[in-house]
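**Student:** Structure incoming, see below.
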Amino acid sequence: MGVPISFSEINNFSVLAEIAFTSGNLMPELSFGSHFFQDLVEADIFYLALFPESKGCFLNLDWLQKQPNSLEGLMPTCARYKKVVKVFRVPEKNLHLMADVVTQRLICYQ
């Protein structure tokens, strides 16, 4: 169920997020960055897994869907994944990401 990717394709990212939405009775199994965990840590890439249908999780899908997807421009050969892989370039948005690993709480805000 994964999207094939190599670390060289994501090594300049700041954040890598996997979002799990149920489909029928199926819940996708997230990788939790396991394929590249050590690389993510060494490259200082923040990884997060979101389960928006879980109690206490809020994901502003309206805002996310309004953001342009940079995937096709960065990797034209991967355009077929643009419905499930979103690449957002948001340095001008002045976004802040704060996380507490112990409590498993995360907030992203402007």
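**Student:** Just the residues that are within 16 Å of Glu18 (Cα to Cα) and in a loop (DSSP other than H, G, I, E, B), please, taken from the stretch 32-55.
**Tutor:** Phe32, Gly33, Ser34, His35, Phe36, Ile45, Phe51, Pro52, Glu53, Ser54
**Student:** Evaluate the stretch 56-75: report whether one residue or more is closer than 18 Å to Asn11 by Cβ, assigned to a loop (DSSP other than H, G, I, E, B), touching an Asp or Glu at 6+ places or on another chain (Cβ under 7 Å) and modelled with pLDDT of 85 or more. Step through it out loud before you land on a result.
**Tutor:** Here is the first cut: in the stretch 56-75, the residues closer than 18 Å to Asn11 by Cβ are 70-71, 73-75.
With assigned to a loop (DSSP other than H, G, I, E, B) added as a condition, the list becomes 70, 75.
Next cut, touching an Asp or Glu at 6+ places or on another chain (Cβ under 7 Å) only: 75.
Narrowing further to those that are modelled with pLDDT of 85 or more: 75.
Yes, the stretch 56-75 contains a residue that is closer than 18 Å to Asn11 by Cβ, assigned to a loop (DSSP other than H, G, I, E, B), touching an Asp or Glu at 6+ places or on another chain (Cβ under 7 Å) and modelled with pLDDT of 85 or more.
**Student:** Of everything in the stretch 89-103, what is of a type outside the set (A, V, I, L, M, F, W, C) and either at pLDDT 90 or above or loosely packed, with under 10 Cβ neighbours inside 10 Å (or both)? Give them in sequence order. Outline the logic, then answer.
**Tutor:** Going through the stretch 89-103, the residues of a type outside the set (A, V, I, L, M, F, W, C) turn out to be 89, 91-94, 96, 100, 103.
Within the stretch 89-103, Pro91, Glu92, Asn94, His96, Asp100, Thr103 qualify.
The values are calculated or read from the model by the stated rules, or taken from the named source; none is laboratory data. Remember, predicted model here, so these are calculated numbers, not experimental data. Positions of Cβ are backbone-derived with ideal geometry, glycine not excepted, and every protein chain shown enters the neighbour counts.
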